[in-house]
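Contents: one structure, followed by commentary.
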Amino acid sequence: MTGITNPTEEYFKDGTWGWDGTQWRKLGLLWGYSDRYVERAGNESAAAGYNVLASSTVPAGEVWVVQGVVVKNVNTATQCNAFLVASDTGYALTERVTLTPDTWYCFAINPAIMKAGDYLTTAFFNCQAGDGLYMDINGYKMKVT
C-alpha cells in the first residue's frame, strides 16, 4: 500500500479518499451530522374537512433525515397521515390513523431521507372548522457541499 505522505496530492485532501487494496479512490458521501432538525408546523384555526401542514423545504447543499413525526388535533378526532414530497409527488410515509383529541400521536416511520427541494406534509381528514392542528418533526441535517 502506498502511504499518504504528500499533502499536495489530491487524495490527501479532507480525508475523502480510501485505499481499496489496489489504489486510492475517492470515497462516496460520508453519512454525517451537521445539525439537529426540529420543526413545528401548526394551524390554530383549521378549515372544515381536509387540511395539510407542511415542513420547510430542504435547501441546496443539505440532506435532512427525519426520524420522528408526531401530530395532534386539539379539538376533534380526525384521521391523519404523513407524506414526503419530492418533485411535486407525495409519497406516503404512514398509514392513515385516527387521532384522539388533544393527544400527540407518534408515527412509527423508518428514517425518511429528504434532499434539496423535498419537504414533509401531514394530511388531516374530517376536521371541524376551528380545529387546532400541529405537526412536530425531529431528525438531523447533513451538509453535502
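The values are calculated or read from the model by the stated rules, or taken from the named source; none is laboratory data. The shown structure was predicted, so the numbers you read here are calculated from the model rather than taken from an experiment. Every residue, glycine as well, gets a Cβ built from its backbone with ideal geometry; the counts of neighbours run over all protein chains shown.
So, of the residues in region 33-69 that are small (Gly, Ala, Ser) and over 15 Å from the mean Cα position of the chain (by Cα), which turns out to be surrounded by the fewest Cβ atoms within 10 Å (Cβ to Cβ)? Step by step, filter region 33-69, then rank; the result is Ser45. Within region 82-93, residues that are among the hydroxyl-bearing types (Ser, Thr, Tyr) reach partners that are in a strand (DSSP E or B) with beta carbons closer than 8 Å, at six or more positions or on different chains, in the pairs Tyr91/Phe83; Tyr91/Leu84; Tyr91/Val85. Name the residues in region 36-64 that are over 29 Å from Phe124 (Cβ atoms) and at pLDDT 95 or above, would you? Within region 36-64, just Ala60 meets the criteria. Listed by first and then second residue, the pairs linking a residue in region 121-145 that is within 18 Å of Ala54 (Cα to Cα) and touching a residue at least 40 places away in the same chain (Cβ under 8 Å) to a residue that is assigned to a strand (DSSP E or B) and among the basic types (Lys, Arg), with Cβ atoms under 6 Å apart and 6 or more places separating them unless they lie on different chains, are Tyr134/Lys72; Asp136/Arg40; Tyr140/Arg36. Assess whether Thr78 counts as being assigned by TED's automatic domain parsing to the domain that holds Ala48 and in contact (Cβ under 8 Å) with a residue 40 or more places away in the chain. For Thr78, the condition - assigned by TED's automatic domain parsing to the domain that holds Ala48 and in contact (Cβ under 8 Å) with a residue 40 or more places away in the chain - is met.
Candidates Ala108, Ala129: the one that is surrounded by fewer than 16 Cβ atoms within 10 Å (Cβ to Cβ), more than 25 Å from Arg36 (Cα to Cα) and among the hydrophobic types (A, V, I, L, M, F, W, C) is Ala129.
Meeting the requirement of 1 or more residues that are within 19 Å of Asn138 (Cα to Cα) and hydroxyl-bearing (Ser, Thr, Tyr), the strands (runs of 3 or more DSSP E) wholly within region 57-126 are 89-92, 105-107.
Can you tell me which residue in region 127-145 is nearest to Asn43 (Cα to Cα), limited to those that are assigned to a strand (DSSP E or B) and either touching a helix residue (DSSP H, G or I) at 6+ places or on another chain (Cβ under 7 Å) or not hydrophobic (A, V, I, L, M, F, W, C) (or both)? Steps first, answer last, please.
From region 127-145, those assigned to a strand (DSSP E or B) are 127, 133-143; that's our starting set.
With either touching a helix residue (DSSP H, G or I) at 6+ places or on another chain (Cβ under 7 Å) or not hydrophobic (A, V, I, L, M, F, W, C) (or both) added as a condition, the list becomes 134, 136, 138-141, 143.
Values: Tyr134: 7, Asp136: 12, Asn138: 19, Gly139: 22, Tyr140: 24, Lys141: 25, Lys143: 30 Å.
Ranking the candidates gives Tyr134 first.
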